[in-house]
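For reference, the structure discussed in these notes is given below.
All of the numbers you see were taken from the coordinates with simple rules; none came from a lab. Quick caveat: nothing in here was measured; it's all calculated off a predicted structure. Cβ sites come from the backbone with ideal geometry, for glycine too, and all protein chains shown count toward neighbours.
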């Protein structure tokens, strides 16, 4: 796992996505990957067609990191408050996650997360996943402001960030994952 983690590097959110940099067919955000079979460079499956997709849940299970896609039409603060209460009722801690399909560290984080490699370390965590290309403005309006991605924020009772972790180095180290895991305490 250390080898996989050393591949992760921070992305400055101001980096141009592939669709702006000249590839109009490139997906424009985390949510755009639902139509693809897998995210490039990851073992991430497309969202299922059943009820899990209706609820935005893309990965769940006992003893596993749970990942929920935030709906594009939800008001962030109230949605985070509601999801936080649901997560708490399930014995989980809600963490807001912002990433992008064009960000290499986000791709690698997804490969680890969706591949089950983080289940043991983050088994009590629910990630509420946002796409920085589509959601930066509404996240910022709710107080989730970041410069680097991947970005993680422990959701407080008021729906705002209580504690934040933005990967600011060129690699996502074991230390960064330990800091993320500490959100479960």
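Remarks
- Extension gain (nm, one decimal) between residue 117 and residue 178, 0.36 nm per residue minus Cα-Cα: 20.6 nm
- Region 62-185 - percent relative contact order, Cα under 8 Å, separation 6 or more: 34 percent
- Each of residue 164 and residue 82 was given a label point 7 Å from its Cα along the Cα-to-Cβ line. The distance between the two points is 2.6 nm.
- Subtracting the Cα-Cα distance of residue 145 and residue 73 from their residue separation scaled by 0.36 nm leaves 24.0 nm.
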